[in-house]
Amino acid sequence: MPACVWCNRDIPQVVTLDQILSWGPFPVQEVCQACRERLTPITGSCCSRCGRQQRAATICHDCERWRDAVINRALFQYDAGFKAYMQQYKFQGDYALRVVVQATLARALQRATYDVLVPIPVDVATWQSRGFNQVTGWLTGQPFFQALEVVADHKERPQSAKTRAERLVTPQPFSLAPNACKVLQHQRVLLLDDVYTTGRTIRHAIDQINLSGAKAVTSLTLAR
Amino acid sequence: MDNDEQFFGRWVPSARPPLKPLVNREAIAQSRGAARCTRCGNWLTVTDQLPNGARYCRQCLQLGRLTTHHKLYTIPEPNQFPRMTESPLTWSGQLKPQQVVAATAVRKLAAAKKNQLLWAVTGAGKTEILYPALAWALQQGWRVAWASPRVDVCLELAPRLARAFAGVSQAVLHGKQEQPYTYRQLTICTTHQLLRFQAAFDWLIVDEVDAFPLTTSPMLQRAVKQAQKPSGSHIFLTATPGPHLQKLVAQRKIAVTYVPLRYHGYLLPQMMVHLSWQWRQHLLKGRLPGHLVRQLRGYQQIGQRFLLFVPHVADLAPIAAALAQAGVVGGVTVHAADPERTAKVQAMRDERCQFLVTTTILERGVTFPNVAVVILGGDEAVFSTAALVQIAGRAGRHAAHPRGEVTCYCQSQSRTIQQARAMIGHLNRQGRQQGGQ
Ligand SMILES: [Zn+2]
Ligand SMILES: [Zn+2]
Ligand SMILES: [Zn+2]
């Protein structure tokens, strides 16, 4: 019996009659039911700007303060469950946990309208010590273009260690990759990041993409 | 250099070599495509690979991720502790006579550097029994660790040991610890934390060995073996040793000290067994076994209070209803997640309540004076051998009421029931030799 990649408990594999009759390989469950339920999907109404879960599709308080028209959508609520997930996946560096949200992300990307997918990059030092980019780790073969680079001497303290006020004044951390303008010209760009918290990072990314001649920029984050 | 202390008897991972040349090894040993974590012994799978080319161990991730880019560095344990001229024991309590016997035996075995088992029934006061041996070990300048599989046990133990050994520096290590590591003569830690150590401890105390799968977890076996100095020894503490430890005892591969008597000096009540064919089917019709009902009515007539243990939370309501139907009243049901749990247990303590119907969850740490114990469905999987012995130990837990009846109703005499009875019998034989009654 395969074990759940997150909690390591055995997963009883349920095979339906349809699967038996289809003669194809049975899909193997990698994450158990209980672990999947630790993450709360955003469903129904959300803020029409940042995508946070709320009762009505109005503009939330945080977005009103931004006074811009950034459009972000998110897949999961940034709650204790998602934080625990990120703690193990991103901060402890358990790359195997990328599968936990891959299927949900793949479905969302299929539904989204865009021409070029641009993941938020990590700086070189982080990539070397963590060993992976937590955002591209979630992709399962969807084509993407690394249009952004992290400015060399940018990283002094991790975003997560800063207060909201500190994050809001963070200087532009990104620059455009050398061939970005050629690739993004007149294209609809979808930015992909892990968590939307203050919205500062995604706006820095949007500002840079807008310099490339892209036709439109929207963003998708795993959590809000 | 003060910084050296963190390497004493420990494996410290680093992706960059330290300034001084130290004994080191690869964090992940690789040969011919196979890779194994040298900290926890886990064999890596091919999928434990990072995009930067490194491979990493998932099994001991909670202690900080190790990859093929890391080396582990260590300095052999130098026992750099202040010399003590007198015993560091500052505990003012008194051991009971049978505790003194056990404490002396433990100290002698520790001094002889023999691996040993302290098999003490619940309520025997095993922590205090270790004090004389621990005081002796610390005075020799030994480095000692007290490891428990459970964080809450560590958290409860640390202040007790801090008071009992006021002059001895201690470090408390567990997954939720925010304080950085410090080099101390006495380490109180979870068993997992032992994986970080290398030939560090002259004496290693492993508490509640029955509560973690020492026999089924090669990782924890390795942790104990690795953390202990080759010249050192260990002591396992348990109330209910599993089959593996019992076998080692029978084969005389581990020295054992029994504390078969509870602090009031009485034997454990032996469990009486009653077969109740298809009691679950009868319960569906709202009926309990006739013998059980007669027994409980009998208890009520003489004012004997009791605990009725049942397998599952879902069993509580139908059994309570069937009891009421049979005229057995004046008690309440309680389970681990019950919001009124504390109040209900307190009512039982205050004798405002005649009985509790409860699940196996209350087995540890709950004491009531003068109660009889009844188990319904004692052959079901939730009741392990250890749990049954612990439950039996709930009966008559008071010096004024040392004896108590323990009755187990079951469909069949399961292995667990037979083993529990055998274990109680074994402990009581030891207890009689020590003058128990
Ligand atoms: Zn799981
Ligand atoms: Zn919003
Ligand atoms: Zn490991």
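All of the numbers you see were taken from the coordinates with simple rules; none came from a lab. In this text, all values refer to a predicted model and were calculated from it rather than measured experimentally. Cβ: placed from backbone, ideal geometry, glycine included. Neighbour counts: every protein chain shown.
Return the percentage of antiparallel bridges among DSSP beta bridges fully within region A:38-223, rounded to the nearest 5 %.
Working: 5 of 20 bridges.
Counting DSSP beta bridges with both partners in region A:38-223, the antiparallel share is about 25 percent.
Partner shielding of A:92-98 amounts to 6, given as the average count of beta-carbon atoms from other chains within 10 Å of each residue beta-carbon.
Only aspartates and glutamates eight or more places from residue B:247 in sequence, or on another chain, were considered; those with a Cα closer than 20 Å are B:207, B:208, B:210.
Springs between Cα atoms under 10 Å define the GNM used for chain B, and in it the highest mean-square fluctuation of B:303, B:425, B:393 occurs at B:303.
Would you calculate, for the protein assembly as shown, the mean residue ellipticity at 222 nm contributed by helices, counting each DSSP H stretch of 4 or more residues as -39,500 (n - 2.57) and dividing by all residues, to the nearest 500? Can you show the working numbers first?
Working: 20 runs with 192 residues, N = 661.
-8500 deg cm²/dmol, from helical runs alone.
Listed by chain and number, the aspartates and glutamates placed with their C-alpha closer than 15 angstrom to that of residue B:114 are B:202; residues fewer than eight positions away on the same chain are left out. Between B:253, B:20, B:229, the GNM of chain B built on Cα springs shorter than 10 angstrom shows B:20 fluctuating the most.
Anyone know which of B:376, B:194, B:134 comes out most mobile in the 10 Å Cα GNM of chain B? Ranking B:376, B:194, B:134 by mean-square fluctuation puts B:376 first. Ranked for footprinting exposure by Cβ neighbours inside 10 Å, fewest first, A:71, B:205, B:188 give A:71, B:205, B:188. Which residues in region A:160-189 place their backbone N less than 11 Å from a point set 7 Å from the Cα of residue A:123 along the Cα-to-Cβ direction? Once the point is set 7 Å along Cα→Cβ of residue A:123, A:173-174 turn out to lie under 11 Å by backbone N, inside region A:160-189. Separation of the alpha carbons by more than 32 angstrom is noted, of B:126/B:176; B:20/B:225; A:83/A:215, for A:83/A:215.
Given in Å, the Rg to one decimal and the Dmax to the nearest whole number for the Cα atoms of chain B are 25.0, 79. Candidates A:91, A:218, A:180 compared by Cα position along the dipole of region A:81-224: farthest toward the positive end lies A:218, with charges placed on Cβ. About its Cα centre, region B:271-433 has a charge dipole of approximately 360 debye under the convention of +1 per Lys or Arg Cβ and -1 per Asp or Glu Cβ, with nothing else charged.
Using all pairs of distinct alpha-carbon atoms, the Kirkwood hydrodynamic radius of region B:3-74 works out to 12.6 angstrom.
When only alpha carbons of region A:27-141 are considered, Rg and Dmax amount to 15.7, 46 Å. In the distance distribution for the protein assembly as shown, Cα-Cα pairs more than 51 Å apart total 28 percent.
Taking the DSSP beta bridges in chain B as the whole, what percent of them are antiparallel, to the nearest 5?
On the way: 15 of 64 bridges.
Beta bridges within chain B, antiparallel portion: roughly 25 percent.
From least to most packed, judged by other beta carbons within 10 angstrom and beginning with the fewest, A:206, B:129 follow the order A:206, B:129. Isolated cysteines in chain B, defined as those with no second cysteine Cβ under 4.7 Å, comprise B:154, B:189, B:353, B:408, B:410.
DSSP beta bridges in the protein assembly as shown, what fraction antiparallel, as a percent rounded to 5? Display every interim value, and only then the final one.
Details: 21 of 85 bridges.
That works out to approximately 25 percent antiparallel.
Measuring gaps between exposed loop sites in chain B (GluC sites (Glu not before Pro); DSSP loop; at most 13 other Cβ atoms within 10 Å), the longest gap, sites not included, is B:179-339. Toward the positive end of the charge dipole of the protein assembly as shown, about the Cα centre and with charges on Cβ (Lys, Arg +1; Asp, Glu -1), which of B:251, B:347, B:13 goes farthest? Value computed over the given set: B:251.
Work out the length of the dipole vector of the protein assembly as shown about its Cα centre, built from +1 on the beta-carbon of each Lys and Arg and -1 on the beta-carbon of each Asp and Glu, and round it to the nearest 20 debye. That gives a dipole near 920 debye.
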